[in-house]
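Some notes on the structure that comes next.
The values are calculated or read from the model by the stated rules, or taken from the named source; none is laboratory data. In this text the structure is predicted, and so the values were computed from the model without any measurement. For neighbour counting, all protein chains shown are included, and Cβ atoms are generated from backbone atoms with ideal geometry for every residue, glycine included.
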Amino acid sequence: MIRKSLLFICLAMLGYAFPAKAYKKDPPDTIPPTLKGFDIEDDSMAFDEGFEQLEDISECLIRNCDIYTVWDTTRINPYGVDLRQKKDTTLLKLVSDEHCDYSHPVCGQVTSEFGFRRYRFHYGIDINLETGDAVVAAFEGTVRVARYSPSYGYYVIVRHLNGLETLYAHLSSIHVTSGQYLQAGDVLGLGGNTGRSRGSHLHFEVRFLGQQINPRDLISFEEYTCLKPEIEIHAKRFDYLREAEKQKAALAAHKYYKIRKGDTLGKIAKKNKTTVAKLCKLNKISKRTTLRPGKSLRVR
């Protein structure tokens, strides 16, 4: 049964206890009168009775209150939750008259989709841009992480009022700080090519409790709009993780050789105790393919 969780109430209840000096406006910082006096962790019946007007509050809301007390400004996924084990369906509001108006992060062509690549799984969507293009927050929320990593380069994570988080990576510069409150459309940085990146683009992710969701499940990257006002969060959305793990295990069993100047397929085959025919089959090349120093060949 679909249960409406309205996670933004939980986040408001927790007070957004982050540095107030960085906010553009004050986020909700008081406990609604209906919640006062309830023990959120131990008394779920009282919680439901107090919000009968909201139709049905998922038990997921009760459980996630503890998780969302985690406010980590350094780790991308500090939650430690496996959503493949999720037993119910949570309905999250994406847009409404009062909260979460949508703005497209940057208007450009999609250059890489969410899903399997040749050697690894791609957990977001890449959007073409020019270095220096403004990148904006997709939904209203609070900046949780704004820092640099070797893989993402300069990146920002925004936690939204409904419990989703969005990640913006490979920025050339960051214009926000952790704890800063953003409206949809507020500039959070400039596009770039930092980290593990080939060419200027925005790597964009949507996450729930640290685990990625296909952004196309809620956003049209051609129309630059939100597809629907709500999204269902259930275990099937995370089935891809099983296949991604299988792919990772299979790749771990593979062996690669970095081509050096003067190498030939024959020399590489001999060094790695294989044959030219097998090398060609593994790499989908022919015996006449030009070998480029610095590139890798799969040898097992």
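Structure notes:
- Test for Glu165: is it among the acidic types (Asp, Glu) and under 15 Å from the mean Cα position of the chain (by Cα): yes
- Residue list for region 197-206, restricted to those being in contact with an Asp or Glu (Cβ under 7 Å, 6 or more places away or on another chain) and surrounded by fewer than 21 Cβ atoms within 10 Å (Cβ to Cβ): Ser200
- Within region 99-132, considering residues that are without any contact (Cβ under 8 Å) to a residue 60 or more places away in the chain and assigned to a loop (DSSP other than H, G, I, E, B), the one farthest from Glu205 (Cα to Cα): Arg118
- All positions within region 213-262 that are acidic (Asp, Glu), closer than 30 Å to Lys87 by Cβ and loosely packed, with under 14 Cβ neighbours inside 10 Å: Glu232, Asp239, Glu243, Glu245
- Figure legend. Inter-residue proximity from region 272-293: first residues assigned by TED's automatic domain parsing to the domain that holds Arg260 and among the charged types (D, E, K, R), second residues surrounded by 10 or more Cβ atoms within 10 Å (Cβ to Cβ) and part of a helix (DSSP H, G or I), beta-carbon distance below 7 Å, spacing 6+ or different chains. Indicated pairs: Lys287/Leu265; Lys287/Val276; Lys287/Cys280.
- Among the residues making up region 269-300, a single one is farther than 25 Å from Ala249 by Cβ and in contact with a Phe, Trp or Tyr (Cβ under 8 Å, 6 or more places away or on another chain): Lys271.
- When region 83-98 is filtered for residues that are exposed (fewer than 13 other Cβ atoms within 10 Å of the Cβ), part of a loop (DSSP other than H, G, I, E, B) and touching a residue at least 40 places away in the same chain (Cβ under 8 Å), only Lys87 remains.
- Enumeration of residues in region 283-293 that are over 15 Å from Lys258 (Cβ atoms) and not small (Gly, Ala, Ser): Lys284, Ile285, Lys287, Arg288, Thr289, Thr290
- Those helices (runs of 4 or more DSSP H) lying entirely in region 192-300 with at least 1 residues over 21 Å from Gly115 (Cα atoms): 265-271, 276-283
The rows are residues; the columns are (1) surrounded by fewer than 22 Cβ atoms within 10 Å (Cβ to Cβ); (2) farther than 27 Å from Phe238 by Cα; (3) of a type in the set (Gly, Ala, Ser).
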| residue | (1), (2), (3) |
| --- | --- |
| Phe116 | yes, no, no |
| Ala137 | no, no, yes |
| Val143 | no, no, no |
| Ser149 | yes, no, yes |
| Ala184 | yes, no, yes |
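- Checklist (1) at pLDDT below 85; (2) touching an Asp or Glu at 6+ places or on another chain (Cβ under 7 Å) applied to Glu98, failing item: (2)
- In region 72-100, the residues that are in contact with a Cys (Cβ under 9 Å, 6 or more places away or on another chain) and closer than 24 Å to Leu188 by Cβ: Lys93, Leu94, Val95, Cys100
- Scope region 172-211; condition at pLDDT below 95, closer than 21 Å to Asn128 by Cβ and in contact with a Gly (Cβ under 9 Å, 6 or more places away or on another chain); matching residues: Arg196, Ser197
- Residues satisfying the stated conditions in region 133-175, i.e. of a type in the set (Ser, Thr, Tyr), assigned to a loop (DSSP other than H, G, I, E, B) and under 30 Å from His254 (Cα atoms): Ser151, Tyr152
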